[in-house]
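Since the structure comes first, as structure tokens, the remarks are kept for the end.
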Amino acid sequence: MNSIQRVFATINSEYRDKIALSLTASLYGAKLINCPLHEYYTEPKKYVEGQIRVYEELEPDIIFSPFSLPLFGKAFGSKIKIFDDQPPNLVKPIVRKVEDIRNLDFEKALNSLEVAYFIESIGGLRSALGQDVVIAGICIDPFALPVMLMGLGEWLDLLLSDPDEANKLILQTSNFFLEVTDKMFDAGATSVVLPSVFINPTIVTIEIAKNLMKNASELFSKVKGPIVLHSAGARLNPFLKIYNNLPNVVAFVTDSKDELSTSRQLMSNGQTIIGNLEGPDLEKDSKEIISRKTIEILEKIGHDANFIFGTSGGDIPLNTPIENIKVIKETIENYYAR
Amino acid sequence: MENVKEEFYQFFIEANKSGALEYIDNWAKEHSYEEALTSIVEPTLEKFGEKWANEDDVNLAQGYIAAKISEAILLKIAEERKESNIQHNITGIAVLGNIEDDYHALGRKMVNNFLSSAGWEVYDLGNDILAEEFVDKALEVNASVIGASAMMYTNATNMVKIRNELDNRGLSGKIMFAVGGTIFNLRPGLVDEVGADGTAPNAIEAVELFNKLQQKVRG
């Protein structure tokens, strides 16, 4: 079986030759090709080169497009900073006052260098890696994009104080989201991954989440391919009931703090669970600890037909020793060879 | 009074800022905003802060709205004091900022609101602040506590520079060093790693931490 067959066999509850592996190694590709991050996060060719090395060295079944949501903010004019050792971060949002929302140029953003960077990276990866690999396009969802345009506090303020104005903005960000996901699928993405950086239990109440997701069914039904919802560093389980019946959502990347048996119970449609080894911890944990944590996860859910072993949370840190990542696959293989 | 506090607490849980302010406005008509702060807002914040620290079903929206409610009531108290020419005592002086390379401002702004509500004079330096800038400002304004915030692990490691700066200038024990941000909740060992004097699990609990650290300075 190749990677794409293995992953889709998992999603469709069919026979698979082994458990598929998902490593959030978007950032890590820069280390493998020794590429400065200001080049890696602006030049699609460099990004593709880095991910080809990820595929060769770490052998995951899923390769990710750039995992940097602030770049979507930059597409609109928000200021970001590219660091030496971590993905770009938002420095100054473009919207300073609520009235500025009306001046946002969605068409210009859609044709920006930043959106082109995401799309060309996906296209380059598909050309380089062929049809055997799952390429996951990481996209910002319409509810999180305002954070990159106006900052978290201001977006919360608008949502809670002026829902009508907030809904108008969501309508615009929803159209942008559909256009970008269309481009991602056209470029060769197998699925899109949406990190829940805003609609999660550490940020909003469940009432706010339900209200925001009212129209998500209609929105997600318009997406041209499979969607994976990513917990993005917060527990997913408390909000799984909201996400459970959304169209096109085939899998969830759970958080390392999620109890996986609860996740399985809450996913009544048998969606695939991806997770839940904390990726950012790989830098500090020893190989032995990583191996132990991997086995603990396999003991809990390795038998589940709809399970993909994956790292959860954010990107695997740049300074992670490569042995700490390779030990995951080794442990999984040894576990099933017993 | 317990009913009043419970009703007010529900506004925090529902993240209902306008409801909370209307409630306090009505209450203050018969009493005062100053009294509302001590009798209703502060006990409610304490209860909410404990819940935030101990349970995982409290979220940023609720905390943020709690901070905005406190900020709005504080403004009303300032007006009230101005009208009646009342001087208030300063609890302490603090310098806040996000450490070098960190731009996640929301938590810091919330700490500023809660500290101010508790009578602290706060100098908020903003994002991406170098260690020497923190210490320079603390000396300039005679602050007893420096509070540095970071969200990501990589940025949090920059905080050790504040410890070094304080040590190198012979200020350890004279200016206390508090740290905060999501990463310190996820990795409690990081507090010692960066040489901080303490942390708080959330913005509300930061007030108690700053009070304790100040007591240490004063002996």
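The values are calculated or read from the model by the stated rules, or taken from the named source; none is laboratory data. Note that the structure is a prediction, hence the values are computed from the model and not measured. Neighbour counts are summed over all protein chains in view; Cβ atoms, including those assigned to glycine, are modelled from backbone coordinates with ideal geometry.
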**Message:** Criterion first (crowded, with 24+ Cβ neighbours inside 10 Å, closer than 25 Å to residue B:36 by Cα and touching a Gly at 6+ places or on another chain (Cβ under 8 Å)) does residue B:147 satisfy it?
**Reply:** no
**Prompt:** Can you pull out the residues in segment A:95-113 that are crowded, with 21+ Cβ neighbours inside 10 Å and free of Cβ contacts under 8 Å to residues at least 60 places away in the same chain?
**Reply:** A:95
**Item:** Selection status of residue B:147, assigned to a strand (DSSP E or B), touching a residue at least 12 places away in the same chain (Cβ under 8 Å), away from chain A (no Cβ under 14 Å) and over 17 Å from residue A:90 (Cα atoms)
**Value:** yes
**Message:** Between a residue in segment A:124-145 that is acidic (Asp, Glu) and any residue that is in a loop (DSSP other than H, G, I, E, B), which pairs come within a Cβ distance under 8 Å, given they are 6 or more apart or on different chains?
**Reply:** A:132/A:2; A:141/A:196; A:141/A:198; A:141/A:199
**Prompt:** Hey, residue A:143 hits all of (1) within 14 Å of chain B (Cβ to nearest Cβ); (2) among the aromatic types (Phe, Trp, Tyr); (3) within 30 Å of residue A:1 (Cα to Cα) but one; which does it fall short on?
**Reply:** (3)
**Request:** Examine segment B:70-87 for a residue that is part of a helix (DSSP H, G or I), touching a Pro at 6+ places or on another chain (Cβ under 9 Å) and either under 22 Å from residue A:202 (Cβ atoms) or modelled with pLDDT under 95 (or both), and state whether such a residue exists.
**Result:** no
**Asked** buried (at least 20 other Cβ atoms within 10 Å of the Cβ), of a type outside the set (Lys, Arg) and within 14 Å of chain B (Cβ to nearest Cβ): does that describe residue A:285?
**Response** no
**Request:** Take the residues in segment B:192-219 that are over 17 Å from the mean Cα position of the chain (by Cα) and assigned to a loop (DSSP other than H, G, I, E, B), then tell me which one is nearest to residue B:152 (Cα to Cα).
**Result:** B:194
**Asked** residue A:270 versus (1) free of Cβ contacts under 8 Å to residues at least 60 places away in the same chain; (2) part of a loop (DSSP other than H, G, I, E, B): which is the lone unmet condition?
**Response** (1)
**Message:** Return the pair list, or none, for Cβ contacts closer than 6 Å from residues in segment A:189-202 that are crowded, with 24+ Cβ neighbours inside 10 Å to residues that are among the charged types (D, E, K, R), at least 6 apart or on different chains.
**Reply:** A:194/A:141
**Complete:** Here the residues within segment B:194-214 that are surrounded by fewer than 19 Cβ atoms within 10 Å (Cβ to Cβ) and either of a type in the set (Phe, Trp, Tyr) or modelled with pLDDT under 95 (or both) are B:201, B:208
**Asked** Is one or more of the residues making up segment B:33-42 within 14 Å of chain A (Cβ to nearest Cβ), in a helix (DSSP H, G or I) and touching a residue at least 24 places away in the same chain (Cβ under 8 Å)?
**Response** no
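Listed here are the residues, each with its yes/no results for (1) aromatic (Phe, Trp, Tyr); (2) within 22 Å of residue A:63 (Cβ to Cβ); (3) more than 14 Å from chain B (Cβ to nearest Cβ); (4) outside any helix (DSSP H, G or I).
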{"site": "A:114", "(1), (2), (3), (4)": "no, yes, yes, no"}
{"site": "A:122", "(1), (2), (3), (4)": "no, yes, yes, no"}
{"site": "A:132", "(1), (2), (3), (4)": "no, yes, yes, yes"}
{"site": "A:155", "(1), (2), (3), (4)": "yes, no, no, no"}
{"site": "A:160", "(1), (2), (3), (4)": "no, no, no, no"}
{"site": "A:169", "(1), (2), (3), (4)": "no, no, yes, no"}
{"site": "A:180", "(1), (2), (3), (4)": "no, yes, yes, no"}
{"site": "A:186", "(1), (2), (3), (4)": "no, yes, yes, no"}
{"site": "A:208", "(1), (2), (3), (4)": "no, no, no, no"}
**Prompt:** Which members of segment B:61-97 meet the condition of being within 11 Å of chain A (Cβ to nearest Cβ) and touching a Ser or Thr at 6+ places or on another chain (Cβ under 8 Å)?
**Reply:** B:61, B:62
**Asked** Quick one: how many residues across segment A:45-97 are within 14 Å of chain B (Cβ to nearest Cβ), touching a helix residue (DSSP H, G or I) at 6+ places or on another chain (Cβ under 7 Å) and in a strand (DSSP E or B)?
**Response** 3
**Asked** Scanning for something at positive phi, surrounded by 18 or more Cβ atoms within 10 Å (Cβ to Cβ) and in contact (Cβ under 8 Å) with a residue 12 or more places away in the chain, does segment A:299-310 turn up at least one residue?
**Response** no
**Complete:** Scanning segment B:173-193 residue by residue, those surrounded by fewer than 15 Cβ atoms within 10 Å (Cβ to Cβ) and either small (Gly, Ala, Ser) or touching a residue at least 40 places away in the same chain (Cβ under 8 Å) (or both) turn out to be B:173, B:174, B:189
**Residues that are closer than 19 Å to residue B:156 by Cα, assigned to a helix (DSSP H, G or I) and out of contact with any strand residue (DSSP E or B) (no Cβ under 7 Å at 6 or more places or on another chain), drawn from segment B:89-132** = B:106, B:109, B:110, B:131, B:132
**Message:** Residue under question is residue B:178, and the condition is that it be under 27 Å from residue A:314 (Cβ atoms) and in a loop (DSSP other than H, G, I, E, B); does it hold?
**Reply:** no
**Item:** residue B:189, sole failed condition from (1) more than 20 Å from the chain's Cα centre (by Cα); (2) away from every other protein chain (no Cβ under 14 Å)
**Value:** (2)
**Request:** State whether one or more residues within segment B:43-60 are within 16 Å of the chain's Cα centre (by Cα), aliphatic (A, V, I, L, M), surrounded by 17 or more Cβ atoms within 10 Å (Cβ to Cβ) and within 13 Å of chain A (Cβ to nearest Cβ).
**Result:** yes
